[in-house]
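First comes the structure, then the notes that go with it.
The values are calculated or read from the model by the stated rules, or taken from the named source; none is laboratory data. Computed from a predicted model, the values in this text were never measured in an experiment. Cβ sites come from the backbone with ideal geometry, for glycine too, and all protein chains shown count toward neighbours. For the accessible areas, the whole protein counts, side chains as well, though only heavy atoms, and no ligand, DNA or RNA atoms are used. Shrake-Rupley method; radii C 1.70, N 1.55, O 1.52, S 1.80 Å.
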Amino acid sequence: MPIEPTLAVSDEDLKRLADDLDAVRTHIDGVVRRMEALVDRAEVRRRSGAATECACLR
């Protein structure tokens, strides 16, 4: 009969993991907001023609 490995995880470890996951989620949310802001600014520049001007300078 095979023996199934078990992993003992304390409530403290689970709480720490949940806190770490919350921190990661918060960080990702912040990155997404910054990326959305960059895309919005790029779209505004594209509409105003500023992006075309910048491309010509390259």
* Any residue in segment 19-45 that's open to solvent by 90 Å² or more (accessible area, probe 1.4 Å): show its pairings with residues that are part of a helix (DSSP H, G or I) at Cβ separation under 8 Å, as long as the two are six or more apart or on different chains. => Arg45/Ala51; Arg45/Cys54
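Kindly indicate which of Arg33, Arg25, Arg41 is out of contact with any Leu (no Cβ under 6 Å at 6 or more places or on another chain) and at pLDDT below 95.
Details: Arg33 fails: at pLDDT below 95; Arg25 fails: at pLDDT below 95.
Going through Arg33, Arg25, Arg41 in turn, just one is out of contact with any Leu (no Cβ under 6 Å at 6 or more places or on another chain) and at pLDDT below 95: Arg41.
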